[in-house]
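The values are calculated or read from the model by the stated rules, or taken from the named source; none is laboratory data. Treat the numbers as computed from the prediction; the structure is a model and nothing was measured. Heads up, the Cβs are rebuilt from the backbone with ideal geometry, glycines too, and the neighbour counts pull from every protein chain shown. Quick note on the areas: whole protein, heavy atoms, side chains included, nothing else; ligands and nucleic acids left out. Shrake-Rupley method; radii C 1.70, N 1.55, O 1.52, S 1.80 Å.
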Amino acid sequence: MSLERFISKAISPWMKESGPDDDIVLSSRIRLARNLEEYTFPILTHQHDGEAVLNEVRSHVARHANDDLAKLELLLMKELEPIQKQVLVEKHLISPHLANDAPYGAVLLSEDESISIMINEEDHIRIQHLASGLRLKDVLERSNEIDDLLEETLDFAFDEKRGYLTSCPTNVGTGMRASVMMHLPALVLSQQLNRIIPAINQLGLVVRGIYGEGSEALGNLFQISNQMTLGKSEMDIVEDLYSVVTQLIERERHARETLLQKSKVQLEDRVYRSYGVLQNSRIIDSKEAANCLSDVRLGIDLSLIQGVSQTILNELMILTQPGFLQQYAGERLSPGERDIRRASIIREALKLNEQ
Amino acid sequence: MECQNCHIQPATLHFTKIVNGEKMEMHLCEQCAKNKGELMGQNNFSIHQLLTGLLNFDQPFKKHSQTNSFTTFTSQKCEKCGMTYEQFAKIGRFGCAKCYETFDAKLDPLLKRVHSGNHTHSGKIPKRGAADLHIRKKIALLKETMQDYIEREEFEKAAVIRDELRSLEKQYGNKKGE
């Protein structure tokens, strides 16, 4: 397969759309956890129940012929190759837990990959909706619509006092996790983020790296999400997150302005060095690649670099993950082989981009 | 932010623990968090393990060992899935929806810790599954509004709401009778 075609298939269609503030906010995401009242939660589930849950969701979806649910494609975890699963994880469409530890796991995916419904993960059902840019309210609305469609015939575990009942008590209540992926290079460079993160934590929000819990903040990408799910309405949680994110955007923009004014040459030097590394390196590890991509993206956003598409960071961050590299190669690769392959994909992709 | 343990890697795990009003913050990189987990006798440092630390709320300073303060709860077992409070405290996850009812008496302090002092839901209510609850909430709201009007001596408006309430209560009564 040509690289061009591979890229176009690899990048989720929703990612190609532009969205509000997408110079800083890469994506907005809502996840709703739901369980079926009748069955034990997946941690205790045996084969019979696991399949029963799957069949119930399946037959429910099959009854919908004309709405959003009708267009979803079902993928069973047990039928996928490890690399295929890893690719879905790298695209944020399924969780590592579903890929590795969910024997009866499955996912329903929409064509543009903006909707994914995980089945038999930690909870029976996890609805996820993704969109580009800062669009939390739209995303919440859409997620609620999907939730309502599912609830038409599925009996969700719900309690008046505790709300939606989930396997882990950290999700009970709304069952909702709202998160925003942000590119904050100037706040990192000016060492302001160190001071901001504790303040964000005090507001009940968590800051994480690009691949969620425990992952490192590669390429100055940060995921900000709500910690608490109980006691506040979905809208209030989303509004709180939204207000913190808009403040971060403002600060990041301000920090970028300051950098441009006070140290333009140094910034240009850094951006062009990184561009040079990406265009010329023959071996590059994922950390260096992520850092250079972040610099180049900053250069594009500040019009220091022209003629490279803005989405290069989002696209290449995903394309240079181990799963994708191996899928493109069509074979398993050792970490050393991956670094060589990564460098060559980046070089080619940049060339394609310049044409 | 750098890891407060090794001061080399950036911190990716930010954990805040508040015990009796005293706040403790930890900022660790993945590697140090893993090592810390091993020191505490755990091989994986996940949210569930952090949570099980919180479940030990009677004696927050007691060290981790599997046969301490949970023994007082051993008698309790969920009818539906068979999970005991001990097991829940160990894995940090419930076995089924019924567990919430079974362990209800112990949940308020736990949920308060995890959800910044909250223990009661105030978000979305399922449209179909909890239709009754929607009506009950509406009735409660209308009663409040009616009371307001009565206090302000706007009896005509109060009467309109009273009629609305009657029809709603009738509807609710019918539903319950089904």
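Data overview
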item	result
Net charge of neighbours whose Cβ lies under 11 Å from the Cβ of residue A:2, counting Lys and Arg as +1 and Asp and Glu as -1	0
Rounded to the nearest 10 Å², the accessible area of residue A:115 at probe 1.4 Å	10
Averaged over A:186-196, number of beta-carbon atoms from partner chains that fall within 10 Å	1
Computed magnitude of the charge dipole of the protein assembly as shown (debye, nearest 20; Cβ of K, R +1, Cβ of D, E -1)	1080
Mean separation of Cα contacts under 8 Å (6+ apart) over length of region A:78-149, as relative contact order %	18
Region A:122-140 residues near the modelled residue A:203 label - backbone nitrogen below 13 Å, point 7 Å along Cα→Cβ	none
Selected from A:189, A:150, A:316 as most flexible by GNM, with chain A as the system and alpha-carbon contacts under 10 Å	A:189
Separation between Cα centres of region A:100-120 and region B:75-92, rounded to whole Å	29
Part-to-part distance (alpha-carbon centres) for region A:267-344 and region A:74-95, which is given in Å	23
Label-to-label distance, nm, for residues given as residue A:250 and residue A:67 (7 Å Cα→Cβ offset)	3.9
Amide H contacts of residue B:11 (H built 1.01 Å from N, under 5 Å, at least 5 apart or other chain)	B:2, B:3
Table column - 3J(HN,Hα) (Hz), region A:70-84, Karplus curve with 6.51, -1.76, 1.60, x for Gly and Pro	5, 8, 7, 9, 9, 10, 8, 4, 5, 9, 9, 6, x, 5, 4
Partner chain coverage, peptide B:80-88 - average Cβ within 10 angstrom	2
Helix A:47-62 axis, angle to chain A major axis (alpha carbon atoms, nearest 10°)	80
Radius 15 Å from Cβ of residue A:54, net charge of other residues (Lys, Arg +1; Asp, Glu -1)	-4
Three-way shape call for region A:48-171 based on the alpha-carbon gyration tensor, with the a/c threshold at 1.5	rounded
Surrounding net charge for residue A:125, when Lys and Arg each add one and Asp and Glu each subtract one, Cβ distance under 11 Å	-3
Euclidean distance of C-alpha centroids, region A:165-196 and region A:9-65, integer Å	20
CD proxy at 222 nm, helix term only [per DSSP H run n ≥ 4: -39500 (n - 2.57); per residue of chain A; nearest 500]	-15000 deg cm²/dmol
Residue mean of other protein chain beta carbons inside 10 Å, A:173-185	1
Over chain A, relative contact order from alpha-carbon pairs under 8 Å, at least 6 apart, %	19
Approximate spin-label separation residue A:258-residue A:192, in nm, with each point projected 7 Å along Cα-to-Cβ	0.5
A:91, B:80, reordered so the largest accessible area comes first (probe 1.4 Å)	B:80, A:91
Contour excess over end-to-end distance, with Cα ends at residue B:144 and residue B:160 and 0.36 nm allotted per residue	4.4 nm
Antiparallel bridge percentage (DSSP; both residues within the protein assembly as shown; nearest 5)	100
Integer Hz, Karplus 6.51/-1.76/1.60 couplings in order for region A:190-206, x for Gly and Pro	8, 6, 8, 4, 3, 7, 6, 4, x, 5, 5, 4, 5, 8, x, 10, 10
Inter-label distance for residue A:17 and residue B:90, nm, one decimal - labels placed 7 Å from Cα along Cα-to-Cβ	4.7
Residues residue A:5 and residue A:84, FRET efficiency given R0 of 22 Å [Cβ-Cβ distance, rounded to 0.05]	0.80
